[in-house]
Every structure is written in structure tokens, then in C-alpha cells.
Amino acid sequence: MAKRTVVTMPGDGIGNQVLPEALRVLKAVGFEADYVHADIGWECWSKEGNALPERTIDLLAKHKLGLFGAITSKPNREAQAELRPELRGRGHVYYSPIVTMRQRFDLDICMRPCVGFKGNPLNYIRKNRGGGFEEPAIDTTVFRQNTEGMYAGIEWTNPPENVRAALASHPKFKAFAQVPGPDLAVSVRVITRNAARRIVAAAFRYAQKRGFPGVTICEKPNVLRETSGLMEETAKEVAKENPGIALWSTNIDAQLMWLNKNPEEYNVIVASNLFGDILSDAFAGLVGGLGFAASGNIGEEVAVFEPTHGSAPKYAALNPPIVNPIAMILSAAMMLDHVGEAAKAERIRKAIAAVVGEGKVRTYDMLRLAGGPKAISQGAASTQQMTDAILEKLR
């Protein structure tokens, strides 16, 4: 097999701390690859007026495979204030580089596994019928449509006249017709049948592969009748093509309530962009939080893998680093699955499970400590020490 090239994009804040740890683990497990650094994030925005430079786009287009750390995002007013003075007032608009990347390469399938490692003190527990406690075995993967929905980026404050005129053609807009333009903000939720079919079909393939009995479509069709309705309608069409796998339907609000009741019953969930984002973070909270939350953004040609946590700038300057690298390492394992190195990916997950189960090495989040410079002195493992423990299990 030809040696692969992976585009590494540490990005901002703790992305620069966790991504190198994932590379250490990939090397230890025997994954042969060349790694090429690519610029992305807030520094690029401040200096160039573009958080995702074309040189990074070019590298991804060439090599097709990326590992991404984290980015910082700020509201537009703050973003404009942090531009170099000579770039201000020249029409530069900040867009999230990861959202832009997803749309540029049509990385429309987002997989977010939420798996509880036995022995993790952050795992969800509940009371059982006998009055004691039990820890349900959660193994859920959320399939999130990654390029459309509320994150499509089609929005205005003070919509132009042609947009207002189009909105006025809908009878429900009558209640807003007299709102002054500067006081009116509009976002468009876009769902297309083809994209809905791709994400639902991916969820059914995954359920088939893992031997799960069904797929849950989680939307809100009783209110969002057109967009969620199209998602659910498409899911029913795909279900007919997969008669051995059941299709269940839940509403997003009710689903979040049921997380505290029976989360172990939902192995594969598929949802539109915003709802998938909410669901995956909610499920991640049941299995240890964002320090354990990995994701893959997968298109027809390009795939980028990333932890779902942010850049956490308040921790970025700590020395030694204290953040949990497991989400980044699990993202690297997802990349291995994607390129056909499933055995190596499974070795990584088993090593993580062994460290978590043993309980001797725990980062500050696993000890429920406040993040900060005192965490190490209070018994927390550093970022590198957690990786060292995983490497030891790999040996």
C-alpha cells in the first residue's frame, strides 16, 4: 500500500496541544504516513482576512485526508476588531473555517461516535429498580448532515428588499412585515433530498455493519413540516431499501429528555445539521464529555477528522498542558478506520479503554477538577502523561 499523506491542521489554542499527541499514537501503532502542516484558524483571519487560506484548501484537495485540532470563533464585531488595521473595512467577513471546509469539499456525512469506556468516572449512571445504581453501556453514533440545515450560512441582518419581498409572499411573514430592517435577522434552513438520502443511507450502512437493529431519525416534523418533513420522508424511503433494519422516529426535544431514561437503546441516530450537533454533544456528555468526543467529516473524495471540542484558549498557555487528548486520539482512530486500517484503530481504542478502566492516569476533567494551573498539583495527569499511558498499553 502506498504511503499516505495526512494534512495536519492544529488550528488554535489547545488544537496545537492535542494534535501532536495523536501523531505520537499513530506512529506507535505503526501507521506509515507523511504529515504536512497546514494553516487554519484565528491567526490566519487576523493576518490575512481568511481563516481558511487557499494554500490549505489546495493541500486538502491534493492529499484528500486531514486531521484537524480546534478553532476559535468570535462574533463578527470582535472578528473585525482583530483584523490587521490595513485589512479593516475591505469587505472581509469571518466564516468558520471548519464549516467552510465542509461545504467546499462537500463533507456532508458527519459521524460522531459516543461510546462509554468502562471505568470512566464521568460516565452516566442512573438509579435502578432496586434502589441501587447502574451504568448503561452507551454505544451511540450520531450521523449529522454536515453541509445544509441551519448551518448552510444563508442569513441576513437587515435583509435586502428582494429577500423581504420573497418572504412577504409567505402568509406567516405578515407578523414581521413592519419590523424595521436593522431589527430583523433571518436564517434559512435548507434541506435537499439528495443530501438527506446520503446521510440516512450512511446511517443504515453503519447499522448493518455493526449489527444494530435499527436507525432513529431525530427531527421535528410536527413543527418544521417542510424541512424536517423531507428528512423523515427520505428516511422512510431508505428504510424500505433496508428491510432488515428498523426505522424509528423521535422529536429532538423529546429525544433529549429520553437521554436520561434509556440512552443505551439508541445506537444509530441520524439528524440534520443543527439537531445532529445538539444530539452529539448531549450524548457525549453521557460518556465523559468533549474530552472523549471524536468526529469524522466525510465526503466523496476528502475526509477530515477532528475532536468536537473547541480551542479552549484559557488552557492553551498552561505548561504543562492539562487538556484531555483522548478525543483527538479517537479522531485519529476514526481516520484509520476510514483508510482501511481497522485493526490499528481497534488497538488504539483498546489501549484507551485499558487506561480508562485502570483508573491510574486521569486528566483534570476525569477527576472533576477545575481546569487551571493547579490541576497537576491536585493529581491530574498532563496531556502528555495521558498519551504516555496509552502508548504504554499499545506496547
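The numbers here are math on the coordinates, done by the rules we state, and not lab data. Predicted model, so just to flag it, every value in this text is computed and none were measured. Virtual Cβ from ideal backbone geometry, glycine too; neighbours counted across all protein chains shown.
Overview of results
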quantity: Extension reserve of the Phe176-Arg4 stretch, reckoned as 0.36 nm per residue once the Cα distance is removed; calculated: 56.5 nm
quantity: With eigenvalues of the C-alpha gyration tensor scaled by 5 and rooted, segment 108-193, Å; calculated: 46, 17, 11
quantity: Dipole-positive endmost among Phe275, Asn194, Trp258 within segment 193-291 (Cβ charges, Cα centre); calculated: Asn194
quantity: Reach of Lys27 by Cα under 22 Å, taken over lysines that are not fewer than 8 positions away in the same chain; calculated: Lys3, Lys64, Lys344, Lys350, Lys393
quantity: ³J(HN,Hα) computed for each position of segment 370-375 - Karplus, 6.51 cos²θ - 1.76 cosθ + 1.60, integer Hz, glycine/proline x; calculated: 5, x, x, x, 7, 4
quantity: Antiparallel DSSP beta bridges within the chain, as percent of all bridges there, nearest 5; calculated: 50 percent
quantity: At 1.567 mPa s and 4 °C, Stokes diffusion of the chain via Kirkwood alpha-carbon radius, µm² per second; calculated: 58 µm²/s
quantity: Under-5 Å amide H pairs with Ala246, H placed in peptide plane, nonlocal only; calculated: Gly214, Val215
quantity: Other-chain or far-sequence residues with amide H under 5 Å of Asn50's (modelled H); calculated: Trp45
quantity: Note, ³J(HN,Hα) from phi for segment 305-318, Karplus 6.51, -1.76, 1.60, rounded to Hz, x at Gly and Pro; calculated: 10, 7, x, 8, 6, x, 7, 6, x, 5, 9, 5, 8, 5
quantity: Likely footprinting exposure, Trp42, Trp248, fewest C-beta neighbours within 10 Å first; calculated: Trp248, Trp42
quantity: Listed residues Cys44, Leu247, Gly119: farthest to the positive end of the dipole of the chain (Cβ charges); calculated: Gly119
quantity: Contour excess over end-to-end distance, with Cα ends at Asp34 and Ala354 and 0.36 nm allotted per residue; calculated: 112.3 nm
quantity: Highest-fluctuation residue, Phe173, Phe305, Phe275 considered, GNM on the chain with Cα pairs under 10 Å; calculated: Phe173
quantity: Candidates Thr227, Thr192, Thr72, ranked by Gaussian network fluctuation over the chain, Cα under 10 Å, top entry; calculated: Thr192
